[in-house]
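Please read the structure below before turning to the comments.
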Amino acid sequence: MVTPSRDAIVATAGETIARGSRSFATASRLFARPVRERAWLLYAWCRACDDLADGQDHGMGAIAVDDPEARLEAIRLGTGAALAGEWVGDARFDALRFFVAETQVPHALVWDVVGGFALDAAGWRPAAEADLDRYCYHVAGAVGRLMALAMGVKPEQEDALDRATDLGIAFQLANIARDLAEDDRAGRCYLPAAWLAETGIAPGAVLADPTALAGLARRLADRAATYAASGRAGVPALGFRSAWAVLAAADIYGGIAVKVAAAGEHGWERRVATSRVEKLGWILRAFAAAATRKHHFPPTPRDGLWTRPR
């Protein structure tokens, strides 16, 4: 068996992030090359898992799959093989093999991400806000922790890792707000049942009342902003290039959430995105904030935010 080189796997991962997320692809260019390549490797594995779970192609066209457990098993098998240092034969899973070997991240964190796909496969729905936060931890907050370790944050720097978790949760809340209609068509709903009950929206019919749904989207956007603010307080622990990339990504994803909320009832007529000009503005602003990060982002408490069990 001829195994691909690291350069080939990185190149494939770069193509994957360019197709799957223009926002992350743009922000990742700001990292120093070693961190950038590891970000691509991690993203490629996450994209592979997500596409498998939802029947997507690079994050587009989610469908209601009829074999969720089989898809979850494929994710588990590919992930387990990569963590064991084996060649999987799928460049996106082999990307995880390189990422873990180079960063020495705890395998438990990788399995935390897989735990999010297990929740989806089981048809899980959040009952309360804390359930939504827990789900967001699994599918994005744990990824934030993995990236923080790849950027040089030490395992004992728990506050910095918690802030990275917060930023990941913020990104996922923005994603959920943007994808409410797409998720509904795929038979999924990440809005807590308690929120739906408060607004009179019936489970499985979130698009029936666009006015009420717009209010819930604003609630998601506000919660994303709270987590993002906490996440930004962790950037003083990062080097300049990493801080720049993280702050740019935070602004870009925050911009998506703001746009969805501002669109009101029309937020799901087309997929919300940010323009190149907007991205450039946020990148420039992030450069200035990263340069003064130790003064710009003083320590703040994390009161009321979800924290994973230690």
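The values are calculated or read from the model by the stated rules, or taken from the named source; none is laboratory data. Everything numeric in this text was worked out from a predicted model, so none of it was measured. Positions of Cβ are backbone-derived with ideal geometry, glycine not excepted, and every protein chain shown enters the neighbour counts. Accessible surface is based on the protein model in full, side chains and every heavy atom, while ligands, DNA and RNA are left aside. Shrake-Rupley method; radii C 1.70, N 1.55, O 1.52, S 1.80 Å.
List of remarks:
- Against the conditions (1) buried (at least 18 other Cβ atoms within 10 Å of the Cβ); (2) among the aliphatic types (A, V, I, L, M); (3) within 18 Å of the chain's Cα centre (by Cα), VAL153 satisfies every one except (3).
- Here ARG310 passes the criteria (1) open to solvent by less than 50 Å² (accessible area, probe 1.4 Å); (2) within 24 Å of VAL113 (Cβ to Cβ) except the one numbered (1).
- You will find that of ILE169, ILE176, ILE201, the residue that is closer than 26 Å to ARG270 by Cβ, in contact with a Cys (Cβ under 7 Å, 6 or more places away or on another chain) and either crowded, with 23+ Cβ neighbours inside 10 Å or at pLDDT below 95 (or both) is ILE169 and no other.
- Against the numbered list (1) closer than 15 Å to ALA160 by Cβ; (2) open to solvent by 10 Å² or more (accessible area, probe 1.4 Å), ARG218 comes up short only at (1).
- Members of region 264-310 found to be of a type in the set (Gly, Ala, Ser), within 22 Å of ALA164 (Cβ to Cβ) and not in a loop (DSSP other than H, G, I, E, B), listed by number: ALA286, ALA288, ALA289, ALA290, ALA291
- Taken together, the residues in region 76-101 that are within 27 Å of THR307 (Cα to Cα), surrounded by fewer than 18 Cβ atoms within 10 Å (Cβ to Cβ) and not hydrophobic (A, V, I, L, M, F, W, C) amount to 2.
Residues are listed down the side, and each one gets a yes or a no for (1) open to solvent by less than 20 Å² (accessible area, probe 1.4 Å); (2) at pLDDT below 95; (3) within 18 Å of the chain's Cα centre (by Cα):
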residue	(1), (2), (3)
ALA214	yes, yes, no
ARG223	no, no, yes
VAL260	yes, yes, yes
HIS266	no, yes, no
ARG270	no, yes, no
LEU280	no, yes, no
ILE283	no, no, no
PRO298	no, yes, no
GLY304	no, yes, no
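- Close Cβ contacts (under 9 Å, 6 or more residues apart or on different chains) running from residues in region 154-168 that are farther than 14 Å from GLY231 by Cβ and of a type in the set (Gly, Ala, Ser) to residues that are modelled with pLDDT under 95 and in a helix (DSSP H, G or I) are absent.
- Residues of region 18-35 satisfying the condition of being surrounded by fewer than 24 Cβ atoms within 10 Å (Cβ to Cβ), in contact (Cβ under 8 Å) with a residue 24 or more places away in the chain and assigned to a helix (DSSP H, G or I): ARG19, GLY20, ARG22, SER23, PHE24, THR26, SER28, VAL35
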